[in-house]
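Colleague: Dropping the structure in here first, questions after.
The values are calculated or read from the model by the stated rules, or taken from the named source; none is laboratory data. This is a predicted model, so every value here is computed, not measured. Neighbour counts run over all protein chains shown; Cβ positions are idealised from the backbone, glycine included.
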């Protein structure tokens, strides 16, 4: 994936009380799509949300995608092809479907931090609100306590879509010595979450725009 310039000039800091494994995400009712789109044209928008004690609640990365809502939704939910475009992912599959919009996804990733390489496998319970949002939480496997989601908003009178990926990845659960390092260095813990969210949202933007320009149909 091509490196993109990241716009770190606009970072919002929020403090509020929250419960574990519940994501706040992005409330588009409080924002105007056109104004938000102008901001995202400058690059990746980052939002860092913290608990009152200063610990990380979640990070959100947002981007403006030059593709329609159907195309973008199709990319985000194209789990079987995640290994082809999603950073660090070597395999992903749906292992159980409770209903049309509730399922469990198993994902295998390979991460590199400094000179260390770690292979992880975890399952996430995904709840879909079609073409609007996704919420997920750790179900089984590595990185217990992880949660996150997607928020999507079409930009009126355009073929563009605003996307935000929100994440709290419990990196303190990584194997030794990485887990211990994450526990002792909160700034590093936050930085890795920010980097992951940014990589993911830019990967989806790039893949959706590539499919849109090639005329590929949106996956059902």
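Colleague: Take region 45-102 and flag every residue that is loosely packed, with under 15 Cβ neighbours inside 10 Å and in a strand (DSSP E or B).
Modeller: Matches in region 45-102: 90, 91, 93, 94, 95, 96, 97, 98, 99, 102.
Colleague: Look through 158, 77, 146 and report the one residue that is under 17 Å from the mean Cα position of the chain (by Cα) and closer than 23 Å to residue 208 by Cβ. Before the answer, list the steps.
Modeller: On the way: 158 fails: under 17 Å from the mean Cα position of the chain (by Cα); 146 fails: closer than 23 Å to residue 208 by Cβ.
Within the list 158, 77, 146, the selection yields 77.
Colleague: Output the residues belonging to region 111-151 that are loosely packed, with under 13 Cβ neighbours inside 10 Å and within 17 Å of residue 82 (Cα to Cα).
Modeller: 119
Colleague: Looking at region 204-217, can you tell me whether even one residue there is assigned to a helix (DSSP H, G or I) and within 25 Å of residue 49 (Cβ to Cβ)? Write out each step before concluding.
Modeller: Here is the first cut: in region 204-217, the ones assigned to a helix (DSSP H, G or I) are 204-214.
Right, trim to within 25 Å of residue 49 (Cβ to Cβ) and you get 204-205.
Taking every residue of region 204-217 in turn, at least one turns out to be assigned to a helix (DSSP H, G or I) and within 25 Å of residue 49 (Cβ to Cβ).
Colleague: Checking residue 67 against (1) over 23 Å from residue 162 (Cα atoms); (2) more than 17 Å from the chain's Cα centre (by Cα), only one condition comes out false. Which one?
Modeller: (1)
Colleague: Then there is this: Looking only at region 189-220, count how many residues are touching a helix residue (DSSP H, G or I) at 6+ places or on another chain (Cβ under 7 Å) and under 20 Å from residue 115 (Cβ atoms).
Modeller: Qualifying residue count, region 189-220: 2.
Colleague: Looking at (1) modelled with pLDDT of 95 or more; (2) more than 22 Å from residue 202 (Cα to Cα), which is the only condition residue 118 fails?
Modeller: (1)
Colleague: Any idea how many residues of region 178-191 are buried (at least 18 other Cβ atoms within 10 Å of the Cβ) and either modelled with pLDDT of 90 or more or outside any helix (DSSP H, G or I) (or both)?
Modeller: 1
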